[in-house]
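Right, one structure below, let's go through it.
Coordinate-derived values only; no laboratory data. These figures come from a predicted structure and were not determined experimentally. Here the Cβ positions follow ideal geometry from the backbone for every residue, glycine too, while neighbour counts run over all protein chains shown.
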Amino acid sequence: MKEKGIIITNNEYVRNILINKTKLIFIEGTLMDVLIKVRDYIHYGHKLLTHPLMGSVKPNETPYKTVIISENKYDNVDIQSLMYIENSIEVSKNLIESRQPKNWPENVLKDFALIDYDLINNAINN
């Protein structure tokens, strides 16, 4: 990743590994809470550096979401970032409303946390 970023996540695994390596905002909340916080930052002039719905795990399957936004705050709202986050919020909302997330056992939650970390780690290192 060429531009410095801020990680926004609700994944404790991501937080615990990356907290001392980069700027990180930890959200104690749902996947939707993360997406809404990302949208707030985009409204303040930050840009998306990773797609909010990257990976093959659907928002109604996993409780975790990690997104990277620009560390720099620009004077104007990046319309493309805004369109991506608004679409991601809408898609996530529709999927969650149509099929509520399961109450996964701890071992499955750990797998989802690892998948989310792996996705964001690959984005950081590419």
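Numbers for the structure displayed
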read-out: Residue count, the stretch 41-54 (criterion: farther than 14 Å from residue 91 by Cα and either in contact (Cβ under 8 Å) with a residue 60 or more places away in the chain or surrounded by fewer than 18 Cβ atoms within 10 Å (Cβ to Cβ) (or both)); value: 5
read-out: Members of the stretch 1-40 found to be over 27 Å from residue 90 (Cβ atoms), touching a residue at least 12 places away in the same chain (Cβ under 8 Å) and of a type in the set (S, T, N, Q), listed by number; value: 22
read-out: Residue count, the stretch 21-34 (criterion: over 15 Å from residue 117 (Cβ atoms) and out of contact with any Ser or Thr (no Cβ under 8 Å at 6 or more places or on another chain)); value: 5
read-out: Scan of the stretch 96-115 for residues that are surrounded by 14 or more Cβ atoms within 10 Å (Cβ to Cβ) and either closer than 16 Å to residue 32 by Cβ or touching a Leu at 6+ places or on another chain (Cβ under 9 Å) (or both), ordered by number; value: 96, 101, 112
read-out: Single condition residue 123 does not satisfy, out of (1) surrounded by 20 or more Cβ atoms within 10 Å (Cβ to Cβ); (2) touching a residue at least 60 places away in the same chain (Cβ under 8 Å); (3) in contact with a Ser or Thr (Cβ under 6 Å, 6 or more places away or on another chain); value: (1)
